[in-house]
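Structure, as structure tokens:
Rule-based calculations on the coordinates, nothing more; no lab input. Please read these numbers as outputs of a predicted model, since none were measured by experiment. Backbone-built Cβ (ideal geometry, glycine too); neighbour counts: all protein chains shown.
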Amino acid sequence: MDQTNQMDSPILDETQPHQIDAPSFKGTGIKMQPPFVNKYGVVIGDSKYNSPNSPLNQWSEETDPSVMAGDEWVHPTNDIGWNTSENRELLEAKKRPQGAPFMHPSIDVSYGRD
């Protein structure tokens, strides 16, 4: 795979298995995206956060933090922001309702049976 665009990804069943509290994208219609290499040569979305070219690995008093601002530093589906309650609600709203198994669509078959 071309290292300048994408990296191998451990996507499993529409989730990233490395984040224990990460929400599942399964059933939301949002396709999990693999890690990519941004224009600075930094891997984004692999959850290792340890690319040799990362400003975090070359930080000094002269480093301007704004160098790490912008969309090229944010992964669309593997970002810590998905773990917030607001973004989890957005994902839950996109999931199709499952409904109860063996439920009749218009008749309550359990009425008076309890």
Computed label-point distance, nm, for sites TRP59 and ASN87 using a 7 Å Cα→Cβ extension: 2.0
Global form of segment 18-71, assessed from the alpha-carbon gyration tensor, a/c cut-off 1.5: prolate
Inter-probe distance in nm under a simple model that places probes 7 Å from Cα toward Cβ, at ILE80 and LYS39: 2.5
